[in-house]
1. Out of residues 5 or more away from T158 or on other chains, whose amide H comes under 5 Å of its own, with H placed 1.01 Å from N in the peptide plane?
2. At 1.4 Å probe size, with every protein chain present, just tell me what the per residue accessible area of segment 35-82 comes to in Å².
3. How many nm separate the modelled label positions at S183 and R225, each set 7 Å beyond the Cα in the direction of the Cβ?
4. Under 5 Å between amide hydrogens, which residues at least 5 positions from V229 or on another chain qualify, with H placed 1.01 Å from N in the peptide plane?
5. Using alpha carbons only, how many angstrom separate the centre of segment 98-149 from the centre of segment 157-194?
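The values are calculated or read from the model by the stated rules, or taken from the named source; none is laboratory data. Here the structure is a predicted model, which means the values were calculated and not measured. Reconstructed Cβ throughout: ideal geometry from the backbone, glycine too, with neighbour counts over all protein chains shown. Surface areas here come from the heavy atoms of the whole protein model, side chains and all, with no ligands, DNA or RNA. Shrake-Rupley method; radii C 1.70, N 1.55, O 1.52, S 1.80 Å.
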Amino acid sequence: MNASAAPVLPSHPTARPVVVLTGASSGIGRATAEELADLGYALVLAARRTDELHALARRLDPSGARVIAVPTDVTDDASRRALLAAAQAHFGRIDVLVNNAGVTVERGWWWNDADPLRVLRVNLEAPVELTRLVLPALRAQGSGHIVNIGSVAGLAATNGIYSASKFGLRGFSLALRRELLGSGVHVSLVAPGFVKSEMTARARLPMPGPEVVARAVAAVLLRPRAETVVPAPYRALVWLERHFPALGDWVVQRLIWRRYDHSGASDAARR
């Protein structure tokens, strides 16, 4: 982003607001890390893929002062706690938690997968637990922001286990926002449609890059809102799903499932 076009950062007691970002090594996470680094945020990058994570951190901040990498398995309690402890140790505070790490059953139907419940562990349980761990500090300082990366599949169901995780995350986000009203802690849900990433690599659909989601994350941090759907055309699809669900059935059958590769053994793509 051009520095002259960058919006003014919100006021914080520290020099830079500190963002913990999960699933940072690829796709939406990597694009979000790049966007927020350009805007001047301090970043704690978390993902399982150690080499990619450290390479991204070095590229964004060769000094290691403003951007750090913390290899993390978000499904492991000790790993989650170590991530937040590393953020506190390096920066002295946490201002923003972006729960972006996600997984789906990429090939085959979810009921044929060996462990479909891992989708719930990564997409729903991990954000809930990370939020639970970070909330005491955010509430004590009277400021902060939780941003959950949901999905249009959490508004219009297309995949049983993945949609279950994203419907759950949406409900959690909207309810948590109300629970925290007046606390100074904001909660936002960013719900992408299909965007280019490892998770959607087999989907033969026209898709924008993950930068559209990264920009939406930056936008809700600067001007908090409860929920936003990106790219914009998906808002019309969500409206149609709510008012004409039979049309949604047709879209899923004709335009989505037929363009997915459901052959072969089930496996997972994780961002």
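1. When sequence neighbours closer than 5 places are left aside, the close amide H contacts are S163.
2. 44
3. A separation of 2.3 nm, rounded to one decimal place.
4. Amide H neighbours of V229: A191.
5. 10
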